[in-house]
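Trainee: Take this structure first; my questions come after.
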Amino acid sequence: MSEVKLAAETRTEFGKGAARRIRRANQVPGVLYGHGSQPLHLTLPGHELLLALRTPNVLISLDIDGKTNELAIPKAVQRDPLKGFLEHVDLLLVKRGEKVNVEIPVQTEGELAPGGNLLEHVLNALPVEAEATHIPESVTVSVEGLEAGASVLAKDITLPKGVTLAVEEDAVVLQVLAAQAEEPAAEGDEAAEEAAEA
């Protein structure tokens, strides 16, 4: 798992006006919390944070005011609904060796059985417990040859060493749906349509 280093500064200004000023300077307001410590309000570099957040559950090494180093994972990210820029980020303080509950993306490989069946992702992300410094970026599931009606349960997914499920074993993660055939119009309906057009 990749670790991204970011320089952060503590902030003392709060409220909408302060947040706008921070964002105008291409930075992002954030909060670091966890381990029973007081929440620490931070200002983070916008572009570097945006790049880091492209990796799900990225481990961020924060250099705070050049004095302290803390490890954190993103817990909540707020984006502008129209423009997509980062508005605020909540970071969870973690320690090396500590187990954390996160959700990892589920990716698929292989082709379904012929017949135009559809694959439904019941869970787009799989809840797991993993060591904070060894969170897998994703988990890959083979759907090769699965037929309509087949499903993949959480317990069927092979997880990396040291990672355990944080969801019921029988939870459905993926299921294959039968292709919907278009129903032919009934003869009575066609006659009614022709009469309406005449």
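Trainee: As an exercise, take the mean of 1/r over every pair of distinct alpha carbons in the chain, invert it, and state the Kirkwood radius in angstroms.
Mentor: 20.2
Trainee: For the stretch 109-157 and the stretch 10-72, what is the centre-to-centre distance using only Cα atoms, to the nearest Å?
Mentor: 33
Trainee: Still on this structure, please answer the following. By per-residue mean of other Cβ atoms within 10 Å, what is the highest-first order of 26-34, 61-69, 97-105?
Mentor: Highest to lowest by the protection proxy: 26-34, 97-105, 61-69.
Trainee: Restricting to Cα pairs below 8 Å that are 6+ residues apart, what does the relative contact order work out to for the chain? Please round to a whole percent.
Mentor: 17
Trainee: Take the cross-link list LYS5/LYS83; LYS5/LYS95; LYS99/LYS161; LYS75/LYS99 and give me the ones stretching past 21 Å between alpha-carbons.
Mentor: Pairs exceeding 21 Å: LYS5/LYS83.
Trainee: Further, regarding this structure: With θ taken as phi - 60° and the coefficients 6.51, -1.76 and 1.60, list the Karplus ³J(HN,Hα) couplings across the stretch 28-34 in order, rounded to whole Hz; mark glycine and proline as x.
Mentor: 10, x, x, 10, 10, 9, x
Trainee: Among 6-15, 161-170, how do they line up from the highest to the lowest mean number of other beta-carbon atoms within 10 Å?
Mentor: Final packing ranking: 6-15, 161-170.
Trainee: Please list 148-158, 127-137 highest first by mean number of surrounding beta-carbon atoms within 10 Å per residue.
Mentor: For the peptides 148-158, 127-137, the packing ranking is 127-137, 148-158.
Trainee: So what is the 222 nm mean residue ellipticity for the chain from helices alone, if each DSSP H run of at least 4 adds -39500 (n - 2.57) and you divide by all residues, rounding to the nearest 500 deg cm²/dmol?
Mentor: Per the formula, -4000 deg cm²/dmol.
Where a number appears in this text, it was derived from the coordinates with a stated rule and is not lab data. The structure presented is a predicted model; accordingly, all values stated were derived computationally and were not measured. Here the Cβ is made from the backbone with ideal geometry for all residues, glycine too, and neighbour counts use every protein chain on show.
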